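The values are calculated or read from the model by the stated rules, or taken from the named source; none is laboratory data. In this text, all values refer to a predicted model and were calculated from it rather than measured experimentally. When we count neighbours, we look across all protein chains shown, and the Cβ atoms used for this are built from the backbone with ideal geometry, even at glycine. Quick note on the areas: whole protein, heavy atoms, side chains included, nothing else; ligands and nucleic acids left out. Shrake-Rupley method; radii C 1.70, N 1.55, O 1.52, S 1.80 Å.
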Amino acid sequence: MDKTEQMRQIKEEVLNLKKSPLYAERVKNKVFPVIGAGSHNARIMFVGEAPGKNEAKTGQPFCGASGRVLDELLESISLKREDIYITNIVKDRPTQNRDPSPEEIEIYGPFLDRQIEIIQPQIIATLGRYSAEYIMKKFDLDFYIEPIGKMHGKVFEATASYGSVKIVPLFHPAVALYNSHTRADLKKDFAILKG
Ligand code: URA
């Protein structure tokens, strides 16, 4: 099965994920899950937390205010959305923009795991503390988990099924919307991702 077909399969399964506590809300509100977007052969994969209102409306990741911050950061290292792959741990919008729950992370995590296997990125850049913790645990880096304020911008070497992978925890771009220090830190950290 080629990569596009494998991603299509994931989309199909998420669309029918009735066991998710977010399923009923999605159907009721006539919104979409966000599977991910970008190149299936990307060198860098970005992992956010969960879709917000704009993302659920369009089915596209990071298309609201934090998406604009992300685009600016990508531009600062001469990357475009089509050069990278971007997704979230949780594929449906948690209501009222609350943080994803442990149960939701457990339900949607395996889809992210499969997306990593499909794309086989050399770098996984996590956006925010939830995705940092999920990815660090997945790659047996539990010992190095610290608050995001300490971990951001560090590079952790890990081993994936397909070879070595670097994990780079970053602040969530939404925080940079109202904190200029975080914005400056994010810009500095993004320079690490330059190929
Ligand atoms: N925040 C996220 O973590 N993901 C999105 O797709 C949008 C906002």
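Structure summary
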{"item": "Tally of residues being within 13 Å of the chain's Cα centre (by Cα) and among the charged types (D, E, K, R) across region 82-113", "result": "3"}
{"item": "Residue count for region 40-79, restricted to those that are near the ligand (Cβ under 10 Å from one of its atoms), in contact with a Pro (Cβ under 8 Å, 6 or more places away or on another chain) and part of a loop (DSSP other than H, G, I, E, B)", "result": "5"}
{"item": "Counted residues, region 135-160 - those being closer than 22 Å to Lys194 by Cα and either buried (at least 18 other Cβ atoms within 10 Å of the Cβ) or not acidic (Asp, Glu) (or both)", "result": "14"}
{"item": "Subset of region 125-157 (residues that are under 21 Å from Arg43 (Cα atoms), within 13 Å of the ligand (Cβ to nearest atom) and not in a strand (DSSP E or B))", "result": "Gly128, Ser131, Ala132, Tyr134"}
{"item": "Some residue of region 29-41 being closer than 23 Å to Lys188 by Cα and not small (Gly, Ala, Ser)", "result": "no"}
{"item": "The lone exception for Gly48 - which of (1) surrounded by fewer than 17 Cβ atoms within 10 Å (Cβ to Cβ); (2) touching a residue at least 60 places away in the same chain (Cβ under 8 Å); (3) under 24 Å from Phe171 (Cβ atoms) it fails", "result": "(1)"}
{"item": "Region 96-105, residues that are surrounded by 12 or more Cβ atoms within 10 Å (Cβ to Cβ), of a type outside the set (A, V, I, L, M) and away from the ligand (no atom under 11 Å from the Cβ)", "result": "Ser101, Glu104"}
{"item": "Test: residue in region 70-85 that is modelled with pLDDT under 95 and open to solvent by 80 Å² or more (accessible area, probe 1.4 Å)", "result": "no"}
{"item": "Every residue from region 161-186 that is open to solvent by 10 Å² or more (accessible area, probe 1.4 Å), out of contact with any helix residue (DSSP H, G or I) (no Cβ under 7 Å at 6 or more places or on another chain) and among the hydrophobic types (A, V, I, L, M, F, W, C)", "result": "Ala184"}
{"item": "Selection status of Ile89, away from the ligand (no atom under 16 Å from the Cβ) and surrounded by 21 or more Cβ atoms within 10 Å (Cβ to Cβ)", "result": "no"}
